[in-house]
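Encoded as structure tokens, the structure appears first; notes follow it.
Read the figures in this text as sums done on the coordinates, not as results from a lab. Keep in mind the model is a prediction, meaning the values are calculated, not measured. All Cβ positions, glycine included, derive from the backbone under ideal geometry; neighbour counts span all protein chains shown.
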Amino acid sequence: MSEQNDATEPRRAAQELPREAMEFDVVVVGAGPAGLAAAIRLKQIDPEISVCVVEKGGEVGAHILSGCVLEPRAFRELLPDANIGAVEYSTPATDDRFLFLTETGSFELPTPPPMHNAGNFIVSLGNIVRFLGAEAEELGVEIYPGFAAAEALIENGRVVGIATGDVGIGKDGNPTDLFQRGMELRATYTVFAEGCRGSLGKQLMARYGLNAGVDPQTYGIGIKELWEVPQASYHPGLVLHSIGWPLDAKTYGGSFLYHLGGNLMTCGFVVGLDYENPYLSPFEEMQRFKTHKAIRPFFDGATRISYGARALNEGGFQSIPKLAFPGGVLVGCEAGFLNVPKIKGTHTAMKSGMLAAESIAEKLPPAYDLAVLP
């Protein structure tokens, strides 16, 4: 027992070291569409509000998977003078297709009304987020990429900011010679925009009982690939969704193919995480999907550029928790604002951030007018 205590003593001593602190009116956790929309809206309302955004990725957009269809209304409401079409790779959605796949063939179905895309844009969401980040910084928002929020600071039952993680921890969990304590970023209000199943969001939901009285959230896994396709198979503005094969009738899921600008195509496959077959591999199902005779021609001569995966909220409106709690608020996919019938969530994420910003701005104490102070 004494040896174990000796081994943990350096760790305990390091955790008791004081942390440096910075003070802001508002701290935003996560530089995605929701978090950046909140930061921009706060500065639009009052340029004197001090706003800090922390982002775990090495740069804004680093953890955003490229390729989505953007319903532009929240973007235009936030930045009415901005041109979505001028963001690199953005292109208007012009051709909706919806297929039911069988193992040997396919049937074209009417596109359900919620999925209609007239007036929408196929975009690189990473580029949209980088555009929002530049707009935020121009307004005076401080953005700190490469800093993950590791802890919500709670005092007397109220969230008073976040702390970033300690660095310089060895494999044994003890501090090395490079050890540094994380920073405290303290704020009157904190906006949590970590995305689906954010680590701090889960803790806050449990602590403040935010899920009480709503349906349990449900989840899917979405796998995306970005491809460069030859001109012969490039159809800018194409939005194609499919259901059916290779998934069986008991497994929820489907696919998407979007042709954005620059001869780029994003391909994705989503599987609900309630699938019954324990041997099912969503990644392998996606690879099978690409071999279907209705899908394979899109990949002839194409080159895969990148790929990734992300969890998705699929519970819908009935699973949205209580959003506000003492000192903070949940926005975007942290709260589950993906609109599943539309297969879109960016516009709802942005709007939730904007509404949170407007509510916070009403509650912040007014800044002192330095001109009238003695």
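Worth a mention:
- Longest DSSP-loop-exposure-free segment, GluC sites (Glu not before Pro), the chain, at most 15 other Cβ within 10 Å: 104-275
- Nitroxide proxy distance, nm - points 7 Å out along Cα→Cβ at residue 294 and residue 111: 1.5
- Computed from the alpha carbon atoms alone, the convex hull of the chain holds 189 Å³ per residue.
- Residues of segment 198-222 falling in the label zone of residue 155, defined by backbone nitrogen less than 13 Å from a point 7 Å along Cα to beta-carbon, are absent.
- Over the chain, dividing the summed -39,500 (n - 2.57) contributions of all DSSP H runs of at least 4 residues by the number of residues returns a 222 nm mean residue ellipticity of -7000 deg cm²/dmol.
- With K and R counted +1 and D and E -1, the other residues having a Cβ less than 11 Å from that of residue 306 yield a net charge of 0.
- Euclidean distance between Cα centres, segment 273-302 to segment 127-151, Å: 35
- When 306, 242, 319, 352 are sorted by how many other C-beta atoms sit within 10 angstrom of their C-beta, beginning with the fewest, the order is 306, 319, 242, 352.
- 10 Å Cβ shell holding at most 10 others, DSSP loop, chymotrypsin sites (Phe, Trp or Tyr not before Pro): longest site-free stretch of the chain: 1-278
- Distance between the 7 Å Cα→Cβ label points at residue 276 and residue 59: 4.7 nm.
- Distance from segment 24-57 to segment 185-218 (C-alpha centre basis), Å: 17
- Whole-Hz couplings from phi, Karplus 6.51/-1.76/1.60, listed for segment 76-81; x for Gly and Pro: 6, 5, 6, 10, x, 8
- For segment 75-165, the Kirkwood hydrodynamic radius comes to 17.7 Å, computed from all pairs of different C-alpha atoms.
- Full extension of the chain between residue 169 and residue 231 gives 17.3 nm of extra length, using 0.36 nm per residue less the Cα-Cα distance.
- Long-range Cα-Cα pairs in segment 124-200 (distance over 15 Å), rounded percent: 69
- Computed E for residue 339/residue 177 - FRET, C-beta separation, R0 51 angstrom, nearest 0.05: 0.55
- Size of segment 239-349 as Cα extents on the principal axes (Å, biggest first): 54, 38, 22
- Nitroxide proxy distance, nm - points 7 Å out along Cα→Cβ at residue 311 and residue 83: 4.0
- Pairs with C-alpha atoms separated by more than 32 Å, drawn from the list 43/344; 56/171; 290/344; 171/322, are 171/322.
- Net charge, residue 86 excluded, C-beta distance under 15 Å - Lys, Arg +1, Asp, Glu -1: -1
- The residues neighbouring residue 330, those whose beta-carbon lies less than 10 Å from its own, together hold a net charge of -1 under the Lys/Arg +1, Asp/Glu -1 convention.
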